[in-house]
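Structure first, commentary second.
The values are calculated or read from the model by the stated rules, or taken from the named source; none is laboratory data. All figures in this text were calculated on a predicted structure; none of them were measured in a lab. We place every Cβ from the backbone using ideal geometry, glycine too, and count neighbours over all the protein chains shown.
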Amino acid sequence: MYKPLEITKDIFYVGVNDRTKHLFENLWPLPHGVSYNSYLIRDEKTTLIDTVDICYSDLFFHKIQSVLGDKPIDYLIVNHMEPDHSGSIGLLVARYPGIQIVGNKRTVEMLRGFYGITANVVLIQDMEELSLGRHTLQFYMTPMVHWPETMMTYVPEKRTLFSADAFGTFGSLDGGVMDRQLNPERYRDEMIRYYANIVGKFGSPVQTALKKLTGTEMELLCSTHGPVWTQKENITEVIGLYDRLSRYEADKGLVIAYGSMYGNTEQLAEIIACEAAENGIMNIVMHNLSKSHESDILRDVFKYKGLIIGSPTYNNKLFPGVESLVAALQNRNLKNRFFGCFGSFTWADASARELIAFAEESDFEFITEPVIMKQGMLKEVVEKARGMARCMAHKLVSGEEVVPNNKVNCH
């Protein structure tokens, strides 16, 4: 039924697509679906790299059989234990009772905790090797990218890296699986959104993993989500993107995220955006927090170096959507951003106080004092909003570096 998909000699793709699930991790929208990637190495010892979500196990096993027929699988390599990649392990063991499961110490703990599996488990260490015959597997421990047990598996004979969730992206594989079969550009923003939402908190462990991979030749980069990267320029771009994101570097551009109950705070956001555009900022993204999903806002905040947040006071706190965004940014340890804020209130101002506290706790450069609107849009409020926009434009256009927790008056 299924034609075996050989991505390079003796290495096959046996992953599946999920175009049904609405929310990844029951949190993040999947407008273009997602793939769960698994790979099969045919050798003297047949080896499977990760499994797939249990919902797609029937299709998964059909694909394995299209490659192996009735032959057994000798090893399962578990690079990552999250259930969208380990969910079919129990069924796999039932079908292939002689299979040996290869993982590190944390993996072994999770195999027992999730699935009660303790038999036929092979414990491996960092940089240990396993021979399959014609192929050798080298294991790189990459903890907290983005779970503590995460590791990567490298096949030096094929210059192929199986990287678990690292270098992954949202988006199903619609026909083509390898980058040369599809348009890679459609996955760029989804890769940034994936990183910002799933991996964003773990910049330091990502940097550690990238250093460990330094000097590793790659002709195939095989993540557990998204395309198989085979072209040198794409592999370089994907790794470079993760490097930049994990160092919290960003492009010149501005995100304006705001909450607004009756439109007054939104008017301030519009004034700031227009003035910023007039002063040379071409990449401006505006998010109404009552409509935009947090997933998309996080993507854009990771993309662009300028961030301005606005909120009315609500029950003596931030507007709920703004409060949620601030918590999400704090959770991801975001740094190296130029930051401004604005707020509105009728009888008691709390929004500016809360946003200032957020900025001071973060490694941001606070570009100027907050713009505060009491009740109405007075002329001096408009001028301060425009001044904030000009200050942000100057910072971004001039190419200045962020000075964390520095207050600068640009008026």
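Please indicate, with yes or no, whether at least one residue in segment 155-178 is farther than 30 Å from residue 303 by Cβ, buried (at least 16 other Cβ atoms within 10 Å of the Cβ) and assigned by TED's automatic domain parsing to the domain that holds residue 34.
First pass over segment 155-178, keeping only residues farther than 30 Å from residue 303 by Cβ: 155-159.
From the residues that got through so far, the ones that are buried (at least 16 other Cβ atoms within 10 Å of the Cβ) too are 155, 158.
Subset that is assigned by TED's automatic domain parsing to the domain that holds residue 34: 155, 158.
The answer is yes; a qualifying residue exists.
Give the residue, chosen from 52, 78, that is crowded, with 21+ Cβ neighbours inside 10 Å, over 25 Å from residue 133 (Cα atoms) and not aromatic (Phe, Trp, Tyr).
Of the residues listed, the single one that is crowded, with 21+ Cβ neighbours inside 10 Å, over 25 Å from residue 133 (Cα atoms) and not aromatic (Phe, Trp, Tyr) is 52.
Residue 318 passes every criterion in (1) at pLDDT below 90; (2) more than 17 Å from residue 385 (Cβ to Cβ); (3) surrounded by fewer than 24 Cβ atoms within 10 Å (Cβ to Cβ) apart from (3). Each residue in segment 272-314 was checked for being crowded, with 21+ Cβ neighbours inside 10 Å, assigned to a helix (DSSP H, G or I) and of a type in the set (A, V, I, L, M), and 5 pass. Residues in segment 336-359 that are modelled with pLDDT under 90 and not aliphatic (A, V, I, L, M): 343, 344, 345, 346, 347, 349, 351, 353, 354, 358.
When the criteria are applied in full, residue 132 fails the requirement of being within 23 Å of residue 247 (Cα to Cα) and in contact (Cβ under 8 Å) with a residue 40 or more places away in the chain. Scanning segment 113-171 for residues that are hydroxyl-bearing (Ser, Thr, Tyr) and within 25 Å of the chain's Cα centre (by Cα) yields 140, 142, 150, 153, 154, 160, 163, 169. Every condition in (1) under 28 Å from residue 376 (Cβ atoms); (2) surrounded by fewer than 19 Cβ atoms within 10 Å (Cβ to Cβ) holds for residue 265 except the one numbered (2).
Listed by first and then second residue, the pairs with beta-carbon distance under 6 Å, at least 6 apart or on different chains, first residue in segment 144-168 and without any contact (Cβ under 8 Å) to a residue 24 or more places away in the chain, second in a loop (DSSP other than H, G, I, E, B), are 157/135. Taking helices (runs of 4 or more DSSP H) that fall entirely within segment 185-260, which contain at least 2 residues that are without any contact (Cβ under 8 Å) to a residue 24 or more places away in the chain, among the aromatic types (Phe, Trp, Tyr) and closer than 30 Å to residue 272 by Cα? Hits in segment 185-260: none. Counting the residues of segment 74-116 that are assigned to a loop (DSSP other than H, G, I, E, B) and small (Gly, Ala, Ser) gives 4. Here residue 148 does not qualify as loosely packed, with under 15 Cβ neighbours inside 10 Å and either assigned by TED's automatic domain parsing to the domain that holds residue 230 or farther than 24 Å from residue 219 by Cβ (or both).
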